[in-house]
Amino acid sequence: MDCLGWRLQGFRPTEWDYRVYEERAYDILVSPRGRAAILHGGLLWRLALEILGSDAIGRAVQGPSEGVFEYTEVVKPRHGPAYYDDALTPEEIDIVCGTYKIADSGHKTPVYWSWWPRPAQWKSSGLNMGYWTKFDEEWFQERLASIRRGTSTPMTASLWKALRFHKGSIRIRYAVDNESTKFLSDVLLRALA
């Protein structure tokens, strides 16, 4: 299944739906490739910590799973061999983010609702500074408490796009990403030389 399933327009999730989501996400995160969510960083990392609890801590350092070539992320430096690591499929990421497909008669394609922003939405949200901030944690805890109280529901991609808390944060994040990439490329080149 490529997400938490199809729902009809007018779907009203309950506390039970959120628990089913957590169980489905747990099944993915506890798998050998589940460590990819921790390595991904950002919201996927935080969801993995929340769902796995203390079991998440040692997963990231276990190294690639035996099935690393089944679904993999490849890092190809300019010089030297490629490096392979586990990756989650787009479908698994949708489950970890709590995504449903909503059958909407007004759209040719399904409308996606999710308990948590999907990676593309998180990346452009203004919450993503390239690292997990105190503000991110406060937002996460407030959202989680609201979901558990039954006062928050899954949101559409357009609603998640409204998460632009810091207008300048996207430019800062891109600058950090660019400088980090340059630095790591230089370090890898020196190590391979």
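The values are calculated or read from the model by the stated rules, or taken from the named source; none is laboratory data. Everything quoted here is computed from the prediction, not taken from an experiment. All Cβ positions, even for glycine, are placed from backbone atoms using ideal geometry, and neighbour counts span all protein chains on display. Surface areas here come from the heavy atoms of the whole protein model, side chains and all, with no ligands, DNA or RNA. Shrake-Rupley method; radii C 1.70, N 1.55, O 1.52, S 1.80 Å.
What's the total number of residues in the stretch 106-159 that are of a type in the set (A, V, I, L, M) and either open to solvent by 80 Å² or more (accessible area, probe 1.4 Å) or closer than 15 Å to Gly41 by Cβ (or both)? It would help to see each step written out before you state the result.
So in the stretch 106-159, the residues of a type in the set (A, V, I, L, M) come out as 111, 120, 127, 129, 144-145, 147, 155, 157, 159.
If we keep only those that are either open to solvent by 80 Å² or more (accessible area, probe 1.4 Å) or closer than 15 Å to Gly41 by Cβ (or both) as well, we get 120, 127, 129, 159.
Residues meeting the conditions: 4.
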request  = Sort out which residues of the stretch 10-32 are of a type in the set (Lys, Arg) and either in a helix (DSSP H, G or I) or at pLDDT 95 or above (or both), and write them in order of number.
outcome  = Arg19, Arg24
message = Filter the stretch 52-73 down to the residues that are open to solvent by 30 Å² or more (accessible area, probe 1.4 Å) and β-branched (Val, Ile, Thr) and list them by number.
response = Ile57, Val61, Thr72
ask   = Does Leu29 qualify as being open to solvent by less than 40 Å² (accessible area, probe 1.4 Å) and touching a residue at least 24 places away in the same chain (Cβ under 8 Å)?
value = yes
Where Trp6 falls short, out of the listed (1) open to solvent by 50 Å² or more (accessible area, probe 1.4 Å); (2) touching a residue at least 40 places away in the same chain (Cβ under 8 Å); (3) in contact with a helix residue (DSSP H, G or I) (Cβ under 8 Å, 6 or more places away or on another chain) = (3)
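To keep it simple, each residue is scored yes or no on (1) closer than 16 Å to Gly98 by Cβ; (2) under 14 Å from the mean Cα position of the chain (by Cα).
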{"position": "Pro13", "(1), (2)": "yes, no"}
{"position": "Trp16", "(1), (2)": "yes, no"}
{"position": "Leu47", "(1), (2)": "yes, yes"}
{"position": "Gly53", "(1), (2)": "no, no"}
remark   = Going through the stretch 74-105 in order, the residues found to be open to solvent by less than 30 Å² (accessible area, probe 1.4 Å) and of a type in the set (Gly, Ala, Ser) are Ala87, Gly98
query = Which condition does Phe69 not pass, out of (1) more than 30 Å from Thr14 (Cβ to Cβ); (2) modelled with pLDDT of 85 or more; (3) among the aromatic types (Phe, Trp, Tyr), if it passes all the others?
reply = (2)
